[in-house]
């Protein structure tokens, strides 16, 4: 990563459970999107690279054989281990040297990490190495392509201090469009199973009504619209 992340280890957990209304919607519904795009099987081993506070790892552990969260932040791993469950394990590790044998993992989650990396192909190559044949990589990242509203919303969130700060200034050193994200994983050998976006208007609707926002989110995820603020890509190792 370009800069060491200097945020509290429980940041995403608090944002999902006790943050402002829009922030709670934003973090909580990433779990729902994962369930829609990458159903996790009871026999799967799932690795969450850059797990942060462990929201996705713990959610996956409810459904799979074992969920392993990795993060270079010692404070994040300490927090995650304080709330871990019987089928979840958290390890302090970076993604460019995954501590797993070749072809030993069924699913890798790589959620809003790639935009922080100077050399994303190094970690993508590691993800490819540890995935079994037929395994899946579920990736999300902000969408910088028009008509996504991410760029102005990012600026407003930074100004209002609604997002965690990273050391050294610029947070995102990689800026993807849906096409460029898919191309990056295809270049590494992955086949694209699903490509789409979400959070176009639904987060704003959550300020008025959760039910309305959730209805909009379902349409965003399943419509094929590429104008949402977050890109999702599900790649499969053939």
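Observations
- Taking other C-beta atoms within 10 Å as the exposure proxy, 198, 176 rank 176, 198 from fewest upward.
- Estimated [θ] at 222 nm from DSSP helical runs (n ≥ 4, -39500 (n - 2.57)) normalised by residues in the chain, nearest 500: -11500 deg cm²/dmol
- One chain, two ends: residue 193 and residue 122. Fully extended at 0.36 nm per residue, the span grows by 23.4 nm beyond their Cα-Cα distance.
- On full extension, the segment bounded by residue 210 and residue 85 gains 42.1 nm, given 0.36 nm per residue less the C-alpha separation.
- What the Cβ-Cβ distance of residue 155 and residue 236 gives, at R0 = 22 Å and to the nearest 0.05, is a FRET efficiency of 0.05.
- In terms of other Cβ atoms within 10 Å, 148, 215 run from fewest to most in the order 215, 148.
- Estimated translational D of region 11-236 in µm²/s (Stokes, Kirkwood radius over Cα pairs; 4 °C; 1.567 mPa s): 73 µm²/s
- Cβ crowding within 10 Å, taken as a proxy for footprinting-reagent exposure, orders 177, 125 from fewest neighbours to most as 125, 177.
Values quoted throughout were computed directly from the atomic coordinates according to the rules given, and no laboratory measurement underlies them. This structure is a prediction, so every number in the text was calculated from the model and none was measured. Every residue, glycine as well, gets a Cβ built from its backbone with ideal geometry; the counts of neighbours run over all protein chains shown.
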